[in-house]
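What follows is a set of notes on a single structure, which appears directly below.
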Amino acid sequence: MATLQEMFDVRGKSVIVTGGASGIGRAYAEVMADNGARVCIFDLNPTLLDSVVAELRTNGGDVWGQVVDVADRPRMKEAFDAVAERHGRIDVVFANAGIDAGPGFLSTTGGRIPEGAIDVLDDHHWDRVIEVNLSSVYTTVKHSARHMKETGGGRIIVTSSIAAQINEAIVGTPYMPAKAGVDHFVRQMAMELGMFGILVNCISPGPFMTNIAGGRLKIPADRKAFEEQSLIGRIGDTEDIKGLALYLASPCSSYVTGSQIVIDGGSMNRIK
Ligand SMILES: NC(=O)c1ccc[n+]([C@@H]2O[C@H](COP(=O)([O-])OP(=O)(O)OC[C@H]3O[C@@H](n4cnc5c(N)ncnc54)[C@H](O)[C@@H]3O)[C@@H](O)[C@H]2O)c1
């Protein structure tokens, strides 16, 4: 029988986390590094990236970073190849980088928000949200598959959202189809890549306290609105996501693919 250590073993694994300098991605990087994986963080923000890499190294982690915009396709190819070159292989990839989409068409108190209305939505804003939250997942999976096929398999874990499965008026409109597209794409990729030993799954968070949307969840009214949706009366802390990340990256989840695993304190049960 496998021991606890064997079931959750990620020691020596070559891991990439996109958007790993903050929030949920940072927690992924931390749990992987703390458990002996070799981690490369891709992030757009060089200052945050440097400080997270330094901090995780202080804790003994084998961690480095590359400044990458996940929407920049040639740069993504280069960055994946640099990880394969340095680590010799790529075993686990967290496609996590994402941005918010501005205000929704309603406020938390139910009033209309003029700038969130579809008829005035900025086209460039729509394009950028789709590019970062959906098209970059395509690029990430593409380069993961290219490398993982060479070494006989791997794990791809995409951060989706409960927004893929329910509609929310207080979240910017482009966010919803981007995440719904992510879920469908992940199922398609699980179908295509399973026979190559590559398992593809989504983590679908509800509200978590991170820096997304300029740290919107730190604003008391917004925080309260999201807390009230949770069946356990609070929003997620990034520590809450580490167990699921470790599960999906480790032998423990060897028969799981094409899944959207919701981690939301039960919020989806409350939202109408
Ligand atoms: N926080 C939540 O409530 C919540 C809920 C559901 C889903 N999510 C998803 O979780 C993921 C992580 O978000 P978070 O809440 O941790 O946010 P965050 O803002 O704390 O962290 C996101 C990180 O991604 C980086 N990033 C943004 N755009 C990038 C780009 N183009 N290229 C490379 N890096 C980029 C940022 O610099 C930052 O370090 C996103 O995909 C988000 O949609 C978050």
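Scaled to the compact-protein estimate 2.2 N^0.38 Å, what is the alpha-carbon radius of gyration of the range 1-48, rounded to two decimal places?
1.29
Dipole size in debye (nearest 20) for the chain around its Cα centre, Lys and Arg Cβ +1, Asp and Glu Cβ -1?
400
Given R₀ = 30 Å, FRET efficiency for N269-M195 by Cβ-Cβ distance, to 0.05?
0.25
Could you derive backbone 3J(HN,Hα) for the range 131-146 from the dihedral phi with the Karplus parameters 6.51, -1.76 and 1.60 (θ = phi - 60°), listing whole Hz in sequence and x where the residue is Gly or Pro?
5, 7, 8, 10, 5, 5, 5, 4, 4, 5, 5, 4, 6, 4, 4, 4
Rounded to the nearest 0.05, what FRET efficiency is calculated for C252 and H124 with R0 set to 35 Å and r the Cβ-Cβ distance?
That gives a FRET efficiency of 0.25.
Of the heavy-atom accessible surface of the chain (probe 1.4 angstrom), what whole percent is carbon and sulfur?
Of the solvent-accessible surface of the chain, carbon and sulfur hold 54 percent.
Need the list of lysines near K142 for cross-linking: C-alpha distance under 24 angstrom, and skip anything on the same chain fewer than eight residues off.
Straight-line reach from K142, under 24 Å: K13, K77, K179.
Taking the chain as a Gaussian network, where each spring joins two C-alpha atoms under 10 Å apart, which residue of C40, C202, C252 fluctuates the most?
Its mean-square fluctuation being the largest, the pick is C252.
As a check on your grasp of the helix formula, calculate [θ] at 222 nm for the chain: sum -39500 (n - 2.57) over DSSP H runs of n ≥ 4, divide by the residue count, round to the nearest 500.
-12500 deg cm²/dmol
If I take all pairs of Cα atoms in the range 111-194, what percentage of them are more than 18 Å from each other?
The calculated P(r) of the range 111-194 puts 50 percent of pairs beyond 18 Å.
Show which aspartates and glutamates lie in cross-link reach of K242 when reach means a straight Cα distance below 15 angstrom and same-chain residues fewer than eight apart are skipped.
D9, E30, D34, D264
Give, in whole angstrom and from largest to smallest, the semi-axes √(5λ) of the equivalent ellipsoid of the range 1-99, with λ running over the eigenvalues of the Cα gyration tensor.
Semi-axis lengths for the range 1-99 are 22, 15, 12 Å.
Using the basic label-point model (7 angstrom from Cα toward the beta carbon), what is the A54 to K77 distance in nanometres?
About 3.5 nm separates the two model spin labels.
Once amide H atoms are placed 1.01 Å from N in the peptide plane, what residues at a sequence separation of 5 or more from Q66, or on another chain, have their amide H within under 5 Å of its amide H?
Those lying under 5 Å, H to H, from Q66 are I41, F42, D43.
Evaluate the Debye formula for the range 191-272 with equal point scatterers sitting on the alpha carbons, no solvent, and hand back log10 of I(q)/I(0) at q = 0.18 Å⁻¹, in q order, two decimals.
-0.81
For the chain, report the accessible area per residue in Å² (1.4 Å probe, heavy atoms, rounded to an integer).
With all protein chains present, the chain gives 46 Å² per residue.
Treating the Cα atoms of the chain as identical point scatterers in vacuum, please give the log10 of the normalised Debye intensity I(q)/I(0) at q = 0.08, 0.12, 0.16, 0.17 Å⁻¹, two decimals.
For the chain, the Cα-only Debye profile gives -0.31, -0.70, -1.25, -1.40.
The values are calculated or read from the model by the stated rules, or taken from the named source; none is laboratory data. None of these values were measured; they are calculated from a predicted model. A quick note on method: Cβ atoms are made from the backbone with ideal geometry, for glycine too, and the neighbour counts reach across all protein chains shown. Surface accessibility is based on the protein's heavy atoms, side chains included, excluding ligands, DNA and RNA. Shrake-Rupley method; radii C 1.70, N 1.55, O 1.52, S 1.80 Å.
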